[in-house]
1. Do the conditions hold for PRO77, that is, is it crowded, with 16+ Cβ neighbours inside 10 Å and at pLDDT below 70?
2. Hey, which of the strands (runs of 3 or more DSSP E) in the range 433-493, taking only ones fully inside, have at least 2 residues that are assigned by TED's automatic domain parsing to the domain that holds ALA375 and crowded, with 17+ Cβ neighbours inside 10 Å?
3. Contact list please: Cβ distance under 6 Å, first residue in the range 23-41 and over 14 Å from LEU96 (Cβ atoms), second residue buried (at least 17 other Cβ atoms within 10 Å of the Cβ) and acidic (Asp, Glu), pairs at least six apart or on different chains.
4. Which residue pairs have Cβ atoms under 8 Å apart, sit 6 or more places apart or on different chains, and have a first residue in the range 70-92 that is of a type in the set (Asp, Glu) and a second that is in a helix (DSSP H, G or I)?
5. Can you tell me which of (1) under 15 Å from ALA496 (Cβ atoms); (2) surrounded by fewer than 20 Cβ atoms within 10 Å (Cβ to Cβ); (3) within 34 Å of the chain's Cα centre (by Cα) is the one GLN344 doesn't meet?
6. Kindly list, by first and then second residue, each pair from a residue in the range 552-574 that is in contact (Cβ under 8 Å) with a residue 40 or more places away in the chain to a residue that is of a type in the set (Phe, Trp, Tyr) and buried (at least 17 other Cβ atoms within 10 Å of the Cβ), limited to pairs with Cβ atoms under 9 Å and residues at least 6 apart or on different chains.
7. Against the condition under 33 Å from the mean Cα position of the chain (by Cα) and assigned to a helix (DSSP H, G or I), how does ARG518 come out, does it pass?
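The values are calculated or read from the model by the stated rules, or taken from the named source; none is laboratory data. From a predicted model like this one, the values you see are computed outputs, not experimental measurements. Positions of Cβ are generated from backbone atoms using ideal geometry, with glycine treated the same way; all protein chains shown enter the neighbour counts.
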Amino acid sequence: MRAVTTRLRHAMDDGRMGPRLVTVPMDWSAAGDAATEIVRTAGFLPVRPSSSSTDPSFVKAIAHRHVAVMVTGPGEPVVAAALVKQLARVSPRGHLVLLFADATGERRARASPHTRAAPPGCRAADDDVRLARLVAERQHDRAEAWLAALRVEADLLGRRLRDNTQRIAVWCRLWQRQPEAAVAACHRIRHAGSRRRLAAVIGRVIPGAPTMFLLSDVPVLLQSMADADDDLCALRAAASWTMAHAPARAVAFVGGDDGQVAAGVGWGSGGPSVGDRLLAVRAASPEQHARGPHTLTIAPVRQAGTRIGSVLVLGAPELAGSVHEAAATLALLCGAALRTRLDQLAAGTRSRTSLPEIVGDSPAMAAVREAVARAAATPFAVLVEGESGTGKELIARALHRLSPRRDRRFVAVNCAALSEELIEAELFGHSRGAFTGAVAPRTGLFEDAHGGTLFLDEVAELSPRAQAKLLRALQEREVRRVGENQARPIDVRVVAATNRPLAEACAAGQFRDDLRFRLAVIRLPLPALRERAEDIAPIARAFWSRTMREVEKRAVIGADALARLARHHWPGNVRELQNVVAGLALVAPARGRVSARHVEVVLDAAGAGPRMPPMSLERARRACERQMVAAALARHAGRRTAAARELGLTRQGLAKIIRRLQLDETAA
C-alpha cells in the first residue's frame, strides 16, 4: 500500500492539465477505502463511474472540482473514458483516474489483437478536429487537457493513440516551444515516413532540439548487419537501411587515408566524386556540404580512438537532421565492419602488386592471390589442386618468391615422369655403386632444395612404395640416399600439385591418407578458366603483348576476337589459351587488327570444338550466364549501357546480374 500511496501523491502533485491515469495493482476491496481517503484529503472528489456519471448536468456540477474517478470493475473503463473526456471539454483542471486490479482484466481483453480496434472514424476525427482547433487558437491549457483525456481513453480501452493525434500533439508542443516533449510525441508515431518528416520540421523550427528519431529503427540495422554474409554485405545492408529510414539518396563508406570506396549504395558505377572523397579524408568532425538539390553529410568513423574512414550520406536538405543522425549512427556502429573491409582491400592491393604474374580481376583470382600471400609467409606444406593448365607451377613459384626462402633454390619435379625404379634415387640421391650405372654419388632433389622449396607436380601419380618413402622423409625431416645407411637432415618446404582431388584418390585406395594430411596443411584450389570468363580478356591481352614482342609484330587484338575467346569453354585452361594466342600471332598481319574470324581459324585448326565438361544444370546455367555477360562487356569495352542493350536488359538489370554473378565485386 505504501507504493500505491507514493504513486498517488506524485500524480496529485503533478501540475499538468487534464486527467492522469494511475494504475493501482490491488483490488478495490483491499485498497479502495485507503485510496478514497488519500484523494479526499488532497481535495479530490471521489467518483464511481455509472450510467448517470456521464449526464451533462452531473458533469457540469462537478467540473469546478478536482475529480478522482475510481475504476473498480467490468464495464467501468468505458464509462470512465467518456467521463474524463466530458470533464476535459468543460474544464482543463487536473483530474485523476484510478484503475484498480478488478478492472485490468477487461482492459487486457480489450487490448487483445481481436479487440484492439481504433475508435469509430467519425468520433476519432471529431476528437482530432477539436484538438487541432484548440492548438490553432493557442488555447494551450485546454489543448493539453484534451490530449491528456485522449491518452487516458486510449489506455483505459487498451488502444494506441492514433498517428494523426500524435502529429497534432507534435505541433502543440512546437507552439509551446517544448522540443523535448515534441520529440517524445514524434517517437510515438508508428508510421516511419511521418516520423521522419516531423523530425525535419522540429529541426527547422527549433534549432538544436534533441533528435534521435531513428532510435526505434536501430534494431533493424543491427539485425541486418548480423545477418550479412561478410563485412561488405554488412556495410551494404547498413547503407540500404540509411536510404530507407533517413531517408537518403546515396550512402558510401570510404577509407581514411586514400579515400578508397569500401562499399556504397546509390552512387552508380562511379561512386562518390574525387572531391567528395578528399573532403571525407580531411574531415575531422561531422560536416555538411551543399550538392545541388541535395546535401552531403560526412561523418568520421573511429575505432580504438583512431579515425579509419568516413561515412558519406547524400540526402535532401529538408531532411538534413535525419540524414545527419543516420550518418552519426553508421559511424558509431559500422567501425569494425569498415576496418575489416579496408584490410581486405589493402590485402588484395598488396597481393595484386606483389603477384603480377597471376593475371585476372575476378573474385576467384583475387581470393587466390590473397591465399598465396598468406600461405607464403608460413613454413607449412601447401597442396595446389586444379585442372591441367590452370597454372599450378606458377602458383608454386609465387609461393617461393614471396616466402623467406626466396634466396634459396626452387626445385621442381614431375612425379608422373619418373619411373618406379628411378624415383627414389631422384628424390633422395644415391651413393656410388648403389645400382648398375651409379658410377658416382649423386645428391637427390630433397638435398638440392635444402633451405628452399621442393615442388612435386602430379604428386597423385606416385607409386605406393614412393608414397611411403616420401611420408617418412616429411615426418623425420631427413633422407637416406640409396645404398647408404646414414640419414641426412633436410630443411625443405614442400609444395605439391595435383590435377585431381587427393581426397578422391584416397577414397579409391590410390593414395595414402596420412601422406595427404602431410601435404595438404594448406590447400589452394585453383578455379578453371571457364569458371572465370571475365579473366579471359586480360589474360589474352597479357599473352598477346608478350607474343607480339617475340614475333616483332604490331597487330592489335580486337574486341570481337576477345568476345569469341570468352565464349570458348577452354578444357585446357590457361595453357590452351596461351597456345591459341600463339597461333593467332602466326596468322595475324604485321600491322592490323585480329578479328573473331582469325580466332575461328585457329580454334578449328586446333580441333577445339565447343565441348562442355560434365556439371550440374544449375552450375552450367551460371557458367553460361557468366560467359554471356562477360563476352558482352568485352565486346563493348566495359560499357554497361551498350552491353545491356545487346543482352536485352536494362542497365539496372545488368548491374544486378553482375553483382549476383560477382563479375565486378568492387562496383559500388
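1. The answer is no for PRO77.
2. By residue number, 453-457, 478-480.
3. From the range 23-41, the pairs are ASP27/ASP102; TRP28/ASP102.
4. Listed by first residue and then by second, the contacts come to GLU76/ALA103.
5. (1)
6. Once the first residue is in contact (Cβ under 8 Å) with a residue 40 or more places away in the chain and sits in the range 552-574, its partners that are of a type in the set (Phe, Trp, Tyr) and buried (at least 17 other Cβ atoms within 10 Å of the Cβ) give VAL574/PHE543.
7. When the stated conditions are applied, ARG518 does not pass them.
One line per residue, one yes/no per condition, for (1) of a type outside the set (D, E, K, R); (2) in contact with a strand residue (DSSP E or B) (Cβ under 6 Å, 6 or more places away or on another chain); (3) over 23 Å from LEU502 (Cα atoms):
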| position | (1), (2), (3) |
| --- | --- |
| ALA425 | yes, yes, yes |
| PRO441 | yes, no, yes |
| ASP448 | no, yes, yes |
| PHE455 | yes, yes, no |
| VAL459 | yes, yes, no |
| LEU462 | yes, no, no |
